[in-house]
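The structure is given below, and queries will be raised subsequently.
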Amino acid sequence: MVRIRVLVVDDHRIFAESLAAALAAEPDVDVSAAGSGPAALRSLERAAAEGRRFDVLLVDADLGGNVPGVRPAVPVQEVGEDGLVDGISLVAGVRSAQPAVRTVVLAEKDDPRRAALALQAGASGWVAKDCSLSRLLTVIRGVLRDETHLPPALLTGVLRELTAARKHRTESERLVESLTPREREVLRCMVAGLGRKAVAERLYLSPHTVRTHMQNVLGKLGVHSTLAAVALARRAGVGPVDLGPTGRIMPEESSSA
């Protein structure tokens with residue numbers, strides 16, 4: 001019998017242990033539980049090193065805890081005031097580190113916007129926490145067949161959110177394409193969080209020249225702040241500049257001013 005290895009990730013201990021116990025009663029399911037993002041990542045790494053990888057992660061949408069090395073997959077406003085990142089960011093981290101692992105998000109309530117974010121982060125399903133055990137097992141087995149599972153009531157809203165996200169991305173890509181190569185390089189430095197002085201040092205430019213480039217970037221992108229420019233750049237898929245070991249841009253990244 002092929003056994004399914006499941007990891008439940010939820011910081012509500014009673015819920016996590018109760019769900020794990022219910023799943024463990026199935027003859028073809030092996031299950032473990034983790035109470036935080038970092039604990040889940042450690043479990044994944046340990047299981048991979050021992051040659052017994054997990055097949056499916058069940059992740060609490062409202063999971064709290066900082067996930068080392070994982071860039072939040074959710075907008076800034078989805079991050080709590082205490083700096084904690086929710087479970088959708090863990091989904092993105094797992095998708096990047098172990099793409100063969102399927103993730104299913106467990107949610108207190110249906111939310112088309114957050115469900116769309118979860119799918120964009122790499123989740124294979126979104127399930128209400130009050131669903132039946134048989135429904136959850138159907139989803140677990142389904143995602144292992146590369147199926148995507150959403151509650152029917154969420155489907156229209158999720159499709160609308162994904163369409164809107166694609167539209168925003170297309171508009172952002174068009175604006176970024178209007179930048180010169182040097183301006184795009186400056187924008188990537190801004191995405192990396194570098195200030196004007198640091199950008200000048202890394203691009204071997206004067207602060208005045210960098211200031212001019214930054215003003216041009218903001219103007220062409222139609223925004224009024226560095227924060228807004230960075231948000232637009234991320235929507236367009238622009239990543240941070242690649243810095244060399246000395247902290248300067250690698251030679252192939254440079255271009256004339």
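The values are calculated or read from the model by the stated rules, or taken from the named source; none is laboratory data. This is a predicted model, so every value here is computed, not measured. Cβ placement follows ideal geometry from the backbone for every residue including glycine, while neighbour counts extend to all protein chains displayed. Note: accessible area is taken over every heavy atom of the protein model, side chains too, but ligands, DNA and RNA are not part of it. Shrake-Rupley method; radii C 1.70, N 1.55, O 1.52, S 1.80 Å.
Only residues that are of a type in the set (Val, Ile, Thr) and open to solvent by less than 30 Å² (accessible area, probe 1.4 Å): list them for the stretch 188-215, please.
Val191, Val199, Val210
What number goes with the only condition from (1) open to solvent by 30 Å² or more (accessible area, probe 1.4 Å); (2) at pLDDT 80 or above; (3) closer than 20 Å to Leu7 by Cα that Ser96 does not pass?
(2)
Report every pair of residues separated by at least 6 positions or lying on different chains whose Cβ atoms are under 9 Å apart, first residue within the stretch 113-138 and under 17 Å from Leu159 (Cβ atoms), second modelled with pLDDT of 90 or more and surrounded by fewer than 16 Cβ atoms within 10 Å (Cβ to Cβ).
Every condition considered, the pairs that remain are Ser124/Leu144; Ser124/Asp146; Ser124/Glu147; Gly125/Glu147.
Out of the residues in the stretch 204-230 that are in contact (Cβ under 8 Å) with a residue 40 or more places away in the chain and β-branched (Val, Ile, Thr), which is farthest from Met190 (Cα to Cα)?
Thr209
Also, I was wondering about something else. Please tell me if Glu185 is of a type in the set (D, E, K, R), open to solvent by 70 Å² or more (accessible area, probe 1.4 Å) and over 30 Å from Asp55 (Cβ atoms). Explain how you work it out, then say what you get.
Working: of a type in the set (D, E, K, R): yes; open to solvent by 70 Å² or more (accessible area, probe 1.4 Å): no; over 30 Å from Asp55 (Cβ atoms): yes.
So Glu185 fails the test.
Next question. What about Leu154, is it among the aliphatic types (A, V, I, L, M), modelled with pLDDT under 80 and under 26 Å from Val29 (Cβ atoms)?
Yes, satisfied.
Further, regarding this structure: Could you list, ordered by first residue, the pairs with Cβ atoms under 8 Å in which the first is in the stretch 19-38 and open to solvent by 50 Å² or more (accessible area, probe 1.4 Å) and the second is in a loop (DSSP other than H, G, I, E, B), at least 6 apart or interchain?
That search, which allows pairs on different chains as well, returns Pro27/Met1; Asp30/Arg3; Ala33/Asp10.
Which one of the conditions (1) touching a helix residue (DSSP H, G or I) at 6+ places or on another chain (Cβ under 6 Å); (2) modelled with pLDDT of 85 or more does Ala73 fail to meet, given that it meets all the rest?
Answer for Ala73: the failing condition is (2).
Condition first: of a type in the set (Ser, Thr, Tyr) and part of a loop (DSSP other than H, G, I, E, B). Now tell me which residues in the stretch 216-240 satisfy that.
Ser225
Further question: Of all residues in the stretch 216-251, count the ones that are of a type in the set (A, V, I, L, M), open to solvent by 50 Å² or more (accessible area, probe 1.4 Å) and at pLDDT 70 or above.
Our first condition is that a residue be of a type in the set (A, V, I, L, M); within the stretch 216-251, this holds for 217-218, 221, 223, 227-233, 236, 238, 241, 243, 249-250.
Still in the list and also open to solvent by 50 Å² or more (accessible area, probe 1.4 Å): 227, 243, 250.
Add one more test, that the residue is at pLDDT 70 or above, and what stays is 227.
Of the residues in that region, 1 qualify.
Kindly indicate whether any position in the stretch 180-192 is modelled with pLDDT under 90, touching a helix residue (DSSP H, G or I) at 6+ places or on another chain (Cβ under 6 Å) and over 30 Å from Ile4 (Cα atoms).
yes
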